[in-house]
Each structure stands twice: as structure tokens, then as C-alpha cells.
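Read the structure below first, then the notes.
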Amino acid sequence: MKLLVYSAKKFEVPFLERANKNNYHVVFTHNALDSETAYQAVGFDAISIFSGDDASLTVLEKLRDFGVKYITLRSAGYNNIHVKCAKRFGIKIANAPDYSPYAIAEHAVALLLALNRKIVVASSQVHQYNFLQDNLLGFDLNKKTVGIVGVGRIGAIMAKIMHGFGCTILSNDLAPDPLLIKDYGIQYVDLEELLTKSDIVTLHVPLTHDTHYLIDEIQLKAMKKGALLINTARGAVVNTKALINALKKNEIAGYATDVYEKEKGLFFKDHSASGDIKDHQLKELLSLHAVLLTPHQAFVTKEALANIADITFYNIDCWAKGKESKNELGYETLIS
Ligand code: NAD
């Protein structure tokens, strides 16, 4: 089994090499998979991709023609891959679920605390020897209401952490979990009720047809004026244009996110030398003081990277031995 790892970042290569244990011939490329880089997979049985890679219909067609039989994702989300087409082409796909829901939930909490307590502003002021507190007013999380949209692996850890802060927890999910009701007293409500009653709304749904622009103009209007919106799910769960308008009109108080709807081709690269980016919408978003953006880094913890690497080679091992991986993906309706 020969494996080509697309979008290989320097910091993850040692974890992948350790997990491989020299069992397989592995080549790393920093290039993202797309219709122009697909040719690099010629001669490989399997490829590994990340969330910024493009495994849409035309790319999958090329991969099939080049003889690629397996794709293992180093991410939990798989909205960037056309699962149905891959199945039709006989390409097996597996993701890396559950590699560390803690890494993502903890990052969501870091974003929330940093936004609420103005940590980034405070730090940059103090570095310029400005020790005033005039623009650093936040609020206690204790006794506030947190709305968790999508209470799966990551959302459940978020519920546990926010319960620890003394928050009331409202949740919206397709399938309520009785254990979470028992352990953290969470109440399942419809999205509208969650949005109107929450001081903090945090998103943990996958990106699907149903969740694309789940938070749009109407939903933003429904939120409390002082509410904070946190997104560690996928950028396109929120309509950025509507969000910018809502922030400008003070319909919500702030947005902290690890993801952006048009991050493909932009994130995971250093554009600082040119000092510019072409995405005017992102520039406008970043110009707003109540916005905090991190570069899709929630998974960048030692534990998460080690687990992603182990899961990657578990998937490869299964396929090399002619077995099915427990992480293989089915026929869900997904956006590709
Ligand atoms: P999960 O499948 O365990 O949980 C998702 C939950 O969302 C499920 O409980 C599901 O029932 C619910 N859901 C699905 N559609 C819904 C809808 N329309 N309305 C309400 N609830 C809905 O997934 P997870 O492991 O918790 O991950 C969630 C998402 O987080 C991933 O799909 C991925 O996009 C994102 N993620 C981001 C990062 C990052 O680095 N920022 C890392 C990992 C995962």
C-alpha cells in the first residue's frame, strides 16, 4: 500500500511518521488536493486529505482514473468530499472521528473567553504599555444561558465544560441524548427558542445541506443583542454577509470563529509577505473589532494530532489487510 499525504503540514508529519512505524511507503506533499494536483496521486493506492482539500466529483474522477482506491481523511468533518460519487467509483473513504472532541471544545471555550474578556485587545494594549481597562468590559459566564447547536461528540464536551462554568444549557439536535439531560440538565429546544434565549450560541453541527447557512439573517435577528456567537464547526454554517451586517447593526455583540466559509485556498498558508488577501469579505469581517478569528487550529494539539495519525494508519491497515474500517463513510446527503 502506497500512501500520498496531501496538505501535509510540517507540524503533523512527525506524528504521521511515528504512527506509520515504517509499515507503508508514505510520501508527503504540502499541496492541497484539487483538479490540478490530483495527478500527484499517480502510482499511489491511497491518499490522505484534510478539510481544505477538494474531493469533489471532477477530482474523484481523476483519482479513480489514476488508480486511487482509498481516501483517508485526517478530519472529522467530510463536507469537502463527494461521498456518493466516491462510492460509485469504488473508492473507499474513511474519516477520523472522535480524534479529540476535547481539543475542539476547549478551543471553542478559549475563543469564547478571549472574545468576552477582550484578551487579544488587552494583550496588544499592554504590549504598548497601555494599562487602561476602559474598553475591556466583559460578563460573567456563571448563570448565563449557553445554546449549543449540535450536541454530538464535540457539543457534548462543550456541554460538560459550560456546565462547570455554572451555565444553563439549551441544545438543539436531531437526536436528543438522555444522558446529557441527566448529567448536565441540558434542555433540548427548537433553534428559534435557543437563539432567542441564549447569551452565547456555539455551533457544533457538521456542514450538510440542512446546516448550510443555518445561521442567516433571520436567525441573527432572533439572537439577543448582547449575545456572542462561537463557531468551531464549519464556516458555511454561518452566512458571513448576514453576519457582518448583524455585527455592524449591533444585532449581536460578537463573533469568534475558527473557520470561515471561503477558507479553501486561503487558510493553511502564510500571506503576510504580500501584506494582502483578495477576499474582501474576509477583510471586512476582520476589520470589525467584535470579531476574533483563528486559522482552523482547533485540532492543533499534541493529543489530537497523535490520534489523527493513529486513526489514519488504522484506516490504512484495515484496507491493506482487506478489512473494512469502522470509520468508513456511507451515503449521507452532503455538500461536496
Ligand atoms: P458529531 O457527528 O459527533 O456531532 C454532530 C451533531 O450535530 C450530531 O449530534 C447531529 O445529530 C447534530 N446535527 C446534525 N445536523 C443537525 C441539524 N441540522 N440540526 C441540529 N443538529 C444537527 O460530530 P462532531 O465530532 O461533534 O463534530 C462536529 C463538527 O465539528 C464536524 O462535522 C466538523 O465540521 C467540525 N470540526 C471542526 C474542527 C476544527 O478544527 N475547527 C475539528 C473537528 C470537527
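Here, each number is a calculation from the coordinates, and none is a lab measurement. These figures come from a predicted structure and were not determined experimentally. Cβ sites come from the backbone with ideal geometry, for glycine too, and all protein chains shown count toward neighbours.
The figures follow:
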| item | result |
| --- | --- |
| Restricting segment 254-336 to chymotrypsin sites (Phe, Trp or Tyr not before Pro) in coil, as DSSP defines it, with at most 11 other Cβ within 10 Å | Tyr331 |
| Fluctuation leader among Lys241, Lys262, Lys326 - the chain, Gaussian network, Cα springs under 10 angstrom | Lys326 |
| Proxy reagent accessibility, fewest Cβ within 10 Å first, across His163, His209 | His209, His163 |
| Cα-centred dipole magnitude for the chain, charges only on beta-carbon of K, R (+1) and D, E (-1), debye, nearest 20 | 300 |
| Sorted by Cβ neighbour density within 10 Å, fewest at the top, the residues Arg18, Arg234 | Arg18, Arg234 |
| By average C-beta atoms within 10 angstrom, highest first, the peptides 148-155, 275-282, 63-70 | 148-155, 63-70, 275-282 |
| Filtered GluC sites (Glu not before Pro), segment 1-92: DSSP coil and at most 16 other beta carbons within 10 Å | Glu36 |
| Test item: Cα-centred dipole of segment 229-285, Lys/Arg +1 and Asp/Glu -1 on Cβ, debye | 160 |
| Segment 101-293: relative contact order in percent, alpha carbon pairs under 8 Å with at least 6 residues between | 19 |
| Kyte-Doolittle mean at least 0.0 and Cα axial length at least 18 Å: DSSP H helices in the chain | 101-116, 302-320 |
| Entries of Lys302/Lys326; Lys224/Lys278; Lys144/Lys248; Lys84/Lys269; Lys197/Lys262; Lys21/Lys92 with Cα pairs more than 26 Å apart | Lys224/Lys278; Lys84/Lys269; Lys197/Lys262 |
| Those residues of segment 252-272 whose amide nitrogen sits under 20 Å from the label point placed on His212, 7 Å along Cα→Cβ | 259-266 |
| Segment Val42-Lys269, extension gain: residue separation times 0.36 nm, minus the distance between their alpha carbons | 79.2 nm |
| For the chain, built as a Gaussian network whose Cα springs stay under 10 Å, the top-fluctuating residue of Asn79, Asn307, Asn245 | Asn245 |
| Ordering of 88-95, 179-186 by packing [mean C-beta count within 10 Å, highest first] | 88-95, 179-186 |
| Options Val121, Val189, Ala222, ranked by Cα towards positive dipole end of segment 101-293, top entry (Cβ charges) | Val121 |
| Positive minus negative residues near Asn135 (Lys, Arg vs Asp, Glu; Cβ under 13 Å) | +1 |
| Charge dipole (segment 101-293, unit charges on Cβ, about Cα centre) - positive-most of His209, Phe139, Gly155 | Phe139 |
| Rounded FRET efficiency, nearest 0.05, which uses the C-beta distance separating Asn142 from Ala290 and R0 of 25 Å | 0.70 |
| Given charges at Cβ of Lys, Arg, Asp, Glu: the chain dipole, positive-most of Ile316, Ser272, Gly164 | Ile316 |
